[in-house]
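Contents: one structure, followed by commentary.
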Amino acid sequence: MDEQQTGPADPLRGGPPRTPGPGADGNGGLDRRAELSEFLRTRRARLKPEDVGLPDFGRHRRVPGLRREELAQLAGVSVAYYTRLEQGNGRNVSAEVLDSIARALRLTDAEHAHLTHLAKPKQHGKKQVARSRQIRPALRQLLDSLDTVPAYVVGRRSDILAWNRMAAALFGDWGKLPAQERNWARLVFLNPGYRELFVEWDRKAYDMVAYLRMDAGCHPDDPQLSSLVGELSVKSEEFRGLWAAHDVKEKSHGVKRFRHPLVGELTLFFESFRPAGDAEQSLVTYHAEPGSPSAEALRLLGSWGADARAPGAASASSA
């Protein structure tokens, strides 16, 4: 028999907002059990029997995707065991079982890591949290030395921790924003200027939420992350919909297209690096193909320096 999903929706549990409050675990953080439950349900819902080599007898299904018993069969575990796990009870689950379930669900590497974080959470001390916002002097010097490349350091919860002159020319002078607003998720969803800056804003928004989901899996007990998710869920319908999908993604590399008010469109390649010893920070750089119109546009931005204003800076008060 197909299982039915019941209960009121909640932005921190993957549905429409119920209240603008913070987390659902009673301690100001996200409810890890609810996160685990919803993640497994959404991954199971996207698979069809024919996708995994199971017969589909054409019977009406009241829920999308595979049934629990079908997934349990593929993973080689009992239905009762998998049901307990999908209900958020990942206590004492082994790495081997998680690997089997990840293979059955056809998870990506990032999704597999996210499942492990939710099922077997690690403890994070206060000192480690404090260090995650500290930028090593040598890293700041590296940022400043990249005088032709927009670069910044992003930390937990997509907070922007440091940036160079070229990043300010491309994205706007984040130094003029209140510290709380120097956050990529807030800028993307609450600052209209960034909808204009990113040609493919929808793609940027999807990536942003997927990064936050990854962070939430690593730090479900973070009350500031819970508060950020609650605020964005209330203020942005687009964020609500993307958050409900439970998609996760690691920062890596790719291409972004920009529409800058001074130099027009640019196509830039971005790379993301984890500085040694700073696992919760990422150094992100943008560069143009040599000899391309985008390279010339980037050079012009560099020549204007502090006089260059991206739309995000001009509309900072709306964030």
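The values are calculated or read from the model by the stated rules, or taken from the named source; none is laboratory data. Bear in mind the structure is a predicted one, so any value in this text is a computation, not a measurement. Cβ: placed from backbone, ideal geometry, glycine included. Neighbour counts: every protein chain shown.
Scanning for something at pLDDT 90 or above, among the polar types (S, T, N, Q) and out of contact with any helix residue (DSSP H, G or I) (no Cβ under 7 Å at 6 or more places or on another chain), does region 240-255 turn up at least one residue?
No, region 240-255 has no match at all.
Scan region 175-182 and give yes if some residue there is charged (D, E, K, R), assigned to a helix (DSSP H, G or I) and either crowded, with 16+ Cβ neighbours inside 10 Å or in contact with a strand residue (DSSP E or B) (Cβ under 8 Å, 6 or more places away or on another chain) (or both), otherwise no.
Residues of region 175-182 that are charged (D, E, K, R), as a first pass: 176, 181-182.
Okay, now just the ones that are also assigned to a helix (DSSP H, G or I), so 176, 181.
Retained after the next criterion (residues that are either crowded, with 16+ Cβ neighbours inside 10 Å or in contact with a strand residue (DSSP E or B) (Cβ under 8 Å, 6 or more places away or on another chain) (or both)): 181.
For region 175-182, residues charged (D, E, K, R), assigned to a helix (DSSP H, G or I) and either crowded, with 16+ Cβ neighbours inside 10 Å or in contact with a strand residue (DSSP E or B) (Cβ under 8 Å, 6 or more places away or on another chain) (or both): present.
Every residue in region 236-255 that is under 13 Å from the mean Cα position of the chain (by Cα) and in a loop (DSSP other than H, G, I, E, B), please.
Result: Ala245, His246, Asp247, Val248, Lys249, Glu250, Lys251, Ser252.
Here are some conditions: (1) touching a residue at least 60 places away in the same chain (Cβ under 8 Å); (2) part of a helix (DSSP H, G or I). Pro220 meets all but one. Which one does it not meet?
(2)
Identify, by number, the condition in (1) at pLDDT 95 or above; (2) part of a helix (DSSP H, G or I); (3) closer than 23 Å to Gly29 by Cα that Leu161 doesn't meet.
Tallying (1) at pLDDT 95 or above; (2) part of a helix (DSSP H, G or I); (3) closer than 23 Å to Gly29 by Cα, Leu161 fails exactly one: (2).
Quick check on region 138-151. Is at least one of its residues over 28 Å from Gly88 (Cα atoms), at pLDDT 95 or above and under 23 Å from the mean Cα position of the chain (by Cα)?
Checked region 138-151: at least one residue is over 28 Å from Gly88 (Cα atoms), at pLDDT 95 or above and under 23 Å from the mean Cα position of the chain (by Cα).
Report, by residue number, each residue of region 269-294 that is among the charged types (D, E, K, R) and surrounded by fewer than 17 Cβ atoms within 10 Å (Cβ to Cβ).
So the first thing to find is which residues in region 269-294 are among the charged types (D, E, K, R), and the list is 271, 274, 278, 280, 289.
Residues satisfying the conditions are Glu271, Arg274, Glu289.
Quick one: would you say Ala205 is outside the structural domain of Glu38 (by TED's automatic domain parsing), in a helix (DSSP H, G or I) and of a type in the set (A, V, I, L, M)? Explain how you work it out, then say what you get.
Numbers: outside the structural domain of Glu38 (by TED's automatic domain parsing): yes; in a helix (DSSP H, G or I): yes; of a type in the set (A, V, I, L, M): yes.
Spelling it out, Ala205 is indeed outside the structural domain of Glu38 (by TED's automatic domain parsing), in a helix (DSSP H, G or I) and of a type in the set (A, V, I, L, M).
Which of the following residues is in contact with a strand residue (DSSP E or B) (Cβ under 8 Å, 6 or more places away or on another chain) and without any contact (Cβ under 8 Å) to a residue 24 or more places away in the chain: Arg203, Arg157, Arg140, Arg195?
On the way: Arg203 fails: in contact with a strand residue (DSSP E or B) (Cβ under 8 Å, 6 or more places away or on another chain); Arg157 fails: without any contact (Cβ under 8 Å) to a residue 24 or more places away in the chain; Arg195 fails: in contact with a strand residue (DSSP E or B) (Cβ under 8 Å, 6 or more places away or on another chain).
Exactly one of Arg203, Arg157, Arg140, Arg195 is in contact with a strand residue (DSSP E or B) (Cβ under 8 Å, 6 or more places away or on another chain) and without any contact (Cβ under 8 Å) to a residue 24 or more places away in the chain, namely Arg140.
Which members of region 256-279 meet the condition of being in a strand (DSSP E or B) and touching a residue at least 24 places away in the same chain (Cβ under 8 Å)?
Initial filter on region 256-279 (in a strand (DSSP E or B)): 256-260, 264-273.
Within region 256-279, Lys256, Arg257, Phe258, Arg259, His260, Gly264, Glu265, Leu266, Thr267, Leu268 qualify.
Would you mind stating whether Leu212 is in contact (Cβ under 8 Å) with a residue 60 or more places away in the chain, among the aliphatic types (A, V, I, L, M) and in the same structural domain as Arg259 (by TED's automatic domain parsing)?
Working: in contact (Cβ under 8 Å) with a residue 60 or more places away in the chain: no; among the aliphatic types (A, V, I, L, M): yes; in the same structural domain as Arg259 (by TED's automatic domain parsing): yes.
Spelling it out, it is not the case that Leu212 is in contact (Cβ under 8 Å) with a residue 60 or more places away in the chain, among the aliphatic types (A, V, I, L, M) and in the same structural domain as Arg259 (by TED's automatic domain parsing).
One line per residue, one yes/no per condition, for (1) out of contact with any helix residue (DSSP H, G or I) (no Cβ under 9 Å at 6 or more places or on another chain); (2) farther than 20 Å from Pro220 by Cβ:
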{"residue": "Tyr82", "(1), (2)": "no, yes"}
{"residue": "Ser94", "(1), (2)": "yes, yes"}
{"residue": "Ser100", "(1), (2)": "no, yes"}
{"residue": "Arg103", "(1), (2)": "no, yes"}
{"residue": "Glu111", "(1), (2)": "no, no"}
{"residue": "Ala119", "(1), (2)": "no, no"}
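Taking the conditions exactly as written (surrounded by fewer than 17 Cβ atoms within 10 Å (Cβ to Cβ) and modelled with pLDDT of 90 or more), does Ala45 satisfy them or not?
Details: surrounded by fewer than 17 Cβ atoms within 10 Å (Cβ to Cβ): yes; modelled with pLDDT of 90 or more: yes.
Judged against the criteria, Ala45 is a match.
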